Structures are given as C-alpha cells and as structure tokens.
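First comes the structure, then the notes that go with it.
Read-outs: derived from the displayed coordinates by stated rules, not from any lab. For clarity, every value in this text was computed on a predicted model and none was experimentally measured. FYI the Cβ positions are ideal-geometry reconstructions off the backbone, even for glycines, and counts take in every protein chain you see.
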Amino acid sequence: MSDGQEITQGAEAAAVSPGGIKARHKRFLWIVFGLAFFAAIVALVLNAFGSSITYFYSPTEVVQDKVPHGRAFRVGGMVEGGSVVRDSNGLTVYFRVTDTAETVAVVYTGILPDLFAEEKGVVAQGKLDEYGVFQATQVLAKHDENYVAPEVQAALDEAHKNRAAQTLAQ
Amino acid sequence: MSGFKYAAPAQFYPLAGKMALWFAVLAAVLTVIGLVIGLYIAPIDVTQKDSYRIIFIHVPAAWMSMFLYVVMAFWSAMALGMNTRLSAMMAQSIAPTGALMTAIALWTGALWGKPTWGTYWAWDARMTSELILLFLYLGIIALRNAIDDPRRADKACGVLALVGVVNVPIIYMSVRWWNTLHQGASIKLGKTSIDDIMLAGMLVMVFAFWFYSMAATLVRLRAIMLEREAGAAWVARLEEVKEVRKEQ
Amino acid sequence: MGEFFAMGGYAFFIWMAYGMTALLIVAEIVTVRARYQRALHLARHSEAHEAAAGAQLKEAE
C-alpha cells in the first residue's frame with residue numbers, strides 16, 4: 001500500500017470516527033467491557049432465580065425431604081451440644097446439626113474452621129447418603145451478628161449462672 | 001428559593017471546591033480517630049478475637065456502596081426528568097467512587113470470611129447481590145466511556161442506574177429474606193448487638209468514609225464541569241483558568 | 001509493637017484488608033486529582049478562552 005493510499009484511508013477513518021482510530025479502538029473496548037458486565041449481571045440474576053437463592057436448608061427441611069435429590073446441597077443450623085465426636089485418626093469428625101426441631105447427622109473429613117464449635121452456627125455442603133447421614137465435603141462456621149468483649153461475655157455468663165442457681169433454689 | 005442559585009454549574013463550581021476541601025480534612029481526621037479506636041482501643045471479640053477488626057472498614061465501605069448508588073440513581077432521575085446539566089454531572093461523578101467502595105466491601109469481606117467462616121467467598125444472597133452492584137457500577141462507567149455524546153451517555157447511564165437501584169434493598173434485606181452465610185445486621189433501629197466501643201469506632205469510620213466519598217465525588221464533579229463546559233463563558237472567567245494568561 | 005502487628009495471629013487477613021483499602025483510596029485520590037488537572041488544562045486552552053485572550057491582547061496593543 002502506498003503512502004498516499006494509507007494517508008487517505010487514515011483520514012477517512014478519522015472522518016468516520018471523531019478522535020481518530022485510537023479513540024475508536026478505545027470506545028470499542030469500553031463497549032466490550034460494558035457488554036461483559038451486562039452479561040455477568042444477567043447471568044448472576046438468572047442463576048439466582050433458577051437455583052434456589054437460599055444458601056442452605058434447615059434440618060427440618062432435610063428430614064421432610066424438601067431438599068434437592070441427586071446433587072449436593074447445604075444444610076445449616078446449630079451444632080448440637082455434646083454431639084461432636086472425633087475419630088481416633090483425628091481427621092474425621094461426627095456431629096449433629098439442629099434447628100431445635102429436627103437434627104441431621106453429619107460426617108466430615110478435613111480441617112474445620114476455627115469458629116466451629118458446639119452450640120454455634122454451622123453450614124455443611126455435601127450429600128445425604130442412603131442411611132440419612134449427611135456426607136459433608138465442606139463445613140463452614142456461621143457466626144451471629146453479636147460483637148462482645150470477653151470480659152462483658154464473662155460477666156453476662158456469671159449473671160446467667162446466678163439467675164439459674166436462684167431459680168433452682170426456689 | 002436561593003438554593004436554586006446553585007442549580008447552575010457556574011454557581012456550584014466554587015462551592016463544590018470549598019466543600020471538597022473541608023470534607024477531605026474531616027475525612028482525614030475522622031479516619032485517624034477511627035483507626036485508633038478500631039485497631040488499638042477496641043477490645044477483641046470473644047468469638048472472632050482480632051479478626052473482627054476488619055469490620056471498621058468493611059461496614060462503612062458496604063454502607064457507602066449502597067448509599068452512593070441510591071444518590072446516583074436520584075440524580076439520574078433528576079437528570080432524566082428535569083433535563084438539568086448539573087444533575088447529570090452529579091450522577092456521572094458518583095459512579096467511580098461507588099465502584100471503589102463496592103470493591104473495598106467485597107475485598108475486605110473476603111479477607112474477613114476466610115478466618116471466620118472458613119471461605120473467602122460464598123454465593124449467598126448478600127454476597128451475590130453486592131457483586132452485582134459492582135458490575136452495575138462498572139457497567140455504568142463502561143457505558144459512559146463508550147458513548148461519545150455526553151447527553152446521550154447521561155440518558156443511557158441514567159436508565160441503567162435506575163434499573164439497577166432495585167438491587168440496593170435486595171442487598172439490605174437479603175439476610176432477612178433468605179438463608180445466608182452472611183450474618184444479619186448488628187445495627188438495627190433501636191437495638192444494637194455490638195459492644196459500645198466497637199460501635200463508636202464503626203460510626204466514626206462510617207462518617208470518615210462518607211466525608212471521603214463526598215470529597216472525591218466533588219473533585220471529580222469539578223473536573224467534569226470543566227470538561228463538559230470547557231468553552232463556556234463562566235469557565236473562561238474562573239481565576240484558575242484566567243491565570244494562564246499571565247504566563248503567556 | 002510486634003503484638004500490634006501480629007493481631008492475634010490474624011495479621012495476614014487484617015493487613016491485607018486494611019492495606020488494599022489504603023492502596024485503592026490513594027489510587028482514587030491520585031487519579032481524580034490528575035483528572036481535575038487535565039480538565040483545567042482543557043479549559044485553559046479551549047477555543048472560547050483563547051479567543052477571549054486574543055481579544056484582550058489586541059485591546060492592550
């Protein structure tokens with residue numbers, strides 16, 4: 001291509017898109033970005049409506065079989081007090097998750113989050129086996145919205161203990 | 001009636017400059033106080049120990065991400081409805097700061113989630129809708145850059161802003177309407193479930209983030225005013241624009 | 001001092017959170033101020049301004 005032809009073509013391109021070819025490329029990239037974000041939004045919204053937007057099912061829903069079949073799902077609730085048993089190999093843990101109405105037995109092999117504790121929130125992902133035991137592949141701790149300093153918590157626990165003792169004494 | 005005087009860019013430009021300066025100073029002072037409280041004075045949480053301290057950035061950023069979007073939607077509605085130049089410029093100036101606040105909320109949330117829940121991310125209703133908010137902001141910014149004519153961009157961005165505003169109450173109510181990994185609100189009308197000192201630190205940081213967002217937005221607004229009205233008489237009369245003549 | 005930075009063992013999470021936030025805020029401050037300077041430059045060299053400047057210079061002659 002001769003210089004003359006290139007200059008003419010450049011001038012034509014500039015005439016069609018104000019700012020020149022570079023600006024047109026920049027604008028094209030922004031349109032691509034815009035479409036990508038729009039597509040991401042639509043995908044996320046449709047996904048939320050499609051699969052259930054609920055992050056986990058309660059033990060009651062599991063017991064009443066209101067859970068998906070054939071695929072993994074999550075069960076959430078509280079770790080039932082006194083239900084945590086660790087296997088002698090140290091890596092496997094058994095516990096029950098409760099919503100105070102029903103409980104589901106869970107077995108999990110792996111590292112538990114620091115905040116995993118009895119009478120605290122938990123969300124387990126996995127599948128229910130043929131014995132009704134939930135074979136978990138992931139266990140997350142769910143914490144509440146309370147933020148308390150240790151001394152304040154200790155004082156609250158003391159007061160609670162004293163009230164309970166008083167009630168028993170009566 | 002005198003308030004309407006500031007409806008013209010020419011009148012609001014110098015006021016915006018003064019406000020930006022004051023808000024920046026306030027933001028800096030409050031940030032120092034907030035960080036001292038949050039990182040030093042406030043006690044540990046009985047459950048989360050020190051890891052909860054991320055709350056002093058996460059919550060202010062999250063609140064600002066939602067608040068700024070609503071304000072942006074408001075000015076977009078004003079611009080579409082009343083066709084005033086300044087309303088459109090106000091909406092335009094907010095998007096980048098809103099996107100930043102959303103990004104900070106998501107990033108700090110992930111770093112808080114790992115040591116507490118055990119995961120950096122979960123596709124629950126709260127986190128997914130906040131991520132959608134980020135994409136909405138970025139989409140509005142992309143649209144703004146893709147459309148040459150400012151007035152056409154105003155309309156397109158305005159429509160997207162208004163369509164997306166329904167997401168904000170969804171983000172807020174998500175933890176109540178659906179089962180989520182994310183916990184509920186610690187600050188509710190009339191009741192808080194957070195230690196007094198921790199609450200104080202959080203509120204100081206909320207105001208710090210608010211003043212910062214205002215300052216950044218107002219500086220951007222002034223830039224936008226100059227960009228869009230570069231040839232106008234009021235711009236030519238500005239001291240900082242006239243200055244150049246001395247150098248010539 | 002070491003205890004402060006250790007943050008009870010959560011140093012990585014806390015400082016990554018606070019650090020990235022500081023970085024992003026600084027990036028926005030720098031970016032928006034640069035945008036304002038560019039806009040000022042645009043305004044100073046716009047056609048109307050230069051025409052007005054030209055007219056003033058002519059008057060001075």
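Highest GNM mean-square fluctuation among A:A23, A:A136, A:A36, for chain A modelled with Cα contacts below 10 Å: A:A23. The relative contact order of chain A, computed from alpha carbon pairs under 8 Å that lie at least 6 residues apart in sequence, is 14 percent.
About the centre of its Cα atoms, the protein assembly as shown shows a dipole size close to 1260 debye [charges on the beta carbon of Lys, Arg (+1) and Asp, Glu (-1) only; nearest 20 debye]. Note: relative contact order over region B:102-189, using C-alpha pairs below 8 Å and six or more positions apart, is 31 percent.
Just grab the label-to-label distance for C:A27 and B:K18, each label 7 Å out from Cα along the Cβ direction, in nm (one decimal). It works out to 3.5 nm between the two label points. Is the C-alpha gyration tensor of region A:63-170 telling us rounded, prolate or oblate? Criteria: a/c under 1.5 is rounded; beyond that, a/b larger than b/c is prolate, otherwise oblate. Taking the square roots of the gyration eigenvalues as a ≥ b ≥ c, region A:63-170 is prolate. Mean separation of Cα pairs under 8 Å and 6 or more residues apart, divided by the residue count, gives region B:12-247 a relative contact order of 34 percent. Would you give the gap between the C-alpha center of region B:18-94 and the C-alpha center of region B:180-248, rounded to a whole Å? So the two Cα centres are separated by 8 Å. Among residues other than A:E145 with Cβ under 14 Å from its Cβ, the summed charge is +3 (Lys and Arg +1, Asp and Glu -1). Under the simplified labelling scheme, the A:A36-B:A8 pair shows an inter-label distance of 4.4 nm, with each label point 7 Å from Cα along Cα→Cβ.
Applying a threshold of 25 Å to the alpha-carbon distances of A:K66/B:K191; A:K66/A:K142; B:K18/B:K155; A:K26/B:K155; A:K66/A:K127 flags A:K66/B:K191; B:K18/B:K155 as lying beyond it.
Model label sites at B:K242 and B:R151, defined 7 Å from Cα along the beta-carbon direction, differ in position by 3.1 nm. Express in whole angstrom the spacing between the alpha-carbon centres of region A:72-88 and region B:101-148. Centre-to-centre distance over Cα atoms comes out at 31 Å.
Look at the dipole of region B:12-247 built from charges on Cβ: of B:S51, B:I171, B:G38, the Cα furthest out on the positive end belongs to B:I171. Comparing mean-square fluctuations of B:A16, B:A99, B:A61 from a GNM of chain B with C-alpha springs under 10 Å, the top value falls on B:A16. Counting only Cβ charges, +1 for Lys and Arg and -1 for Asp and Glu, the dipole size of region A:56-169 around its Cα centre is about 200 debye. Within the listed set A:V84, A:V63, A:V32, the Gaussian network model of chain A (springs between alpha-carbon atoms below 10 Å) gives the highest mean-square fluctuation for A:V32. Note on the protein assembly as shown: Kirkwood hydrodynamic radius from all Cα pairs is 26.1 Å, rounded to one decimal. Projecting the alpha carbon convex hull of region B:12-247 along each direction and taking the average yields 15.3 nm². Here B:V25 and B:A233 are evaluated by their C-beta separation; at R0 = 51 Å the FRET efficiency comes out at 0.95. Paramagnetic label reach from C:R38 (point 7 Å along Cα→Cβ; backbone nitrogen cut-off under 19 Å): within region B:128-158, residues B:138-151, B:153-154.
Relative to the Cα centre, the charge distribution of chain B, modelled as +1 at Lys and Arg Cβ and -1 at Asp and Glu Cβ, gives a dipole magnitude of about 420 debye. Equivalent-ellipsoid semi-axes for region B:84-196 (Cα gyration tensor, √(5λ), whole Å, largest first): 32, 16, 13.
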